[in-house]
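S.K.: Got a structure for you, questions after.
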Amino acid sequence: NTVLKIENLEVSINETQILKGLNLEIKEGEVHALMGTNGAGKSTLVKTLSAHYDCVVTNGAITYKKKNLLDLDVAQRANEGIFMSFQSPIEVPGVNNSYFLKTAINEKRKYNGLEEIDAMEFLKNVKEETNKFNIDRKLLQRDLNAGFSGGEKKRNELVQLLMLQPDLILLDEIDSGLDVDAIKTVANVINSMLDGKRSILMITHYDRLLELIKPDFVHILNDGKIAKTGDYTLALELDEKGYEAIGIKDENK
Ligand code: ADP
Ligand code: MG
Ligand code: MG
């Protein structure tokens, strides 16, 4: 069952074409890793999927759960079960984190015809999930991302993931700047969420995360397209030999 189908996608940022006819299909339960040199357009792809205002789609189609994704706004995409972890999450001073999360959950529930979660049940769920993965709950009492360290932002996103239970998870370098223990927590949370239905598209440069979360497919983005696709061994080969040796031109050089 296909969850996400991207066909001939062309995307520009500030009138510069970044994606140049990209094709990608993700089925239920699959884990896809997206790799590529700096500036290849990896973030542009996931930003486009989450309707980021920087990204202008000039051609192609994106189908998500049989719907035209491009017809859905940011909130609708979230409510349809897409979760995006940004490379640098925004800080929202003055908005309590716990309140924000509860609101997001209730928006999604309402959109899907469910009743609001009651405050006690919300707290109980947060407690259970954070205990399971040893995540400090104090983050929830603070303002959203305000003054959070890199590691705290990522842990906070893990809490959001666990509570929102999305169907398609987009991770943009969630492991960057994390210590080994935090990377393990990320992997534990992600692996616990792999239930054969939920799908993941993860951008990473680091093979440590890929060792812990074995992707079914590894794609290399180059010159605005998927230039190479393989299984987990492609990431290992890349780590060992580098981009040039596997025939990918590094446009930064
Ligand atoms: P990656 O995530 O693979 O490192 P990005 O998708 O972030 O690459 O960037 C792809 C290209 O788009 C780069 O050349 C980058 O400089 C450019 N780019 C990204 N965001 C902007 C922006 N807001 N304005 C102008 N150019 C941008
Ligand atoms: Mg980058
Ligand atoms: Mg990036």
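Bear in mind these aren't lab numbers, they're just calculated from the coordinates by the rules spelled out. What you see is a predicted model, and the numbers here were worked out from it, not measured in a lab.
S.K.: Run the helix sum for the chain: -39,500 (n - 2.57) per DSSP H stretch of 4+ residues, divided by residue count, reported at 222 nm to the nearest 500 deg cm²/dmol.
M.R.: -10500 deg cm²/dmol
S.K.: Now for a different question. For the stretch 155-247, what number results from the quotient of the Cα radius of gyration and 2.2 N^0.38 Å?
M.R.: Cα Rg divided by the expected 2.2 N^0.38 Å: 1.12.
S.K.: Could you give the length gained by full extension between Q76 and T2, i.e. 0.36 nm per residue of separation minus their alpha carbon distance, to one decimal place?
M.R.: Extra length available between Q76 and T2 comes to 24.7 nm.
S.K.: So, one more: With a ≥ b ≥ c taken as the square roots of the eigenvalues of the C-alpha gyration tensor of the stretch 67-167, please select rounded if a/c is under 1.5 and otherwise prolate if a/b is larger than b/c or oblate if it is not?
M.R.: The shape class here is oblate.
S.K.: Could you calculate, for the chain, the ratio of the Cα radius of gyration to the Kirkwood radius, expressed as Rg to Rh?
M.R.: That ratio is 0.96, to two decimals.
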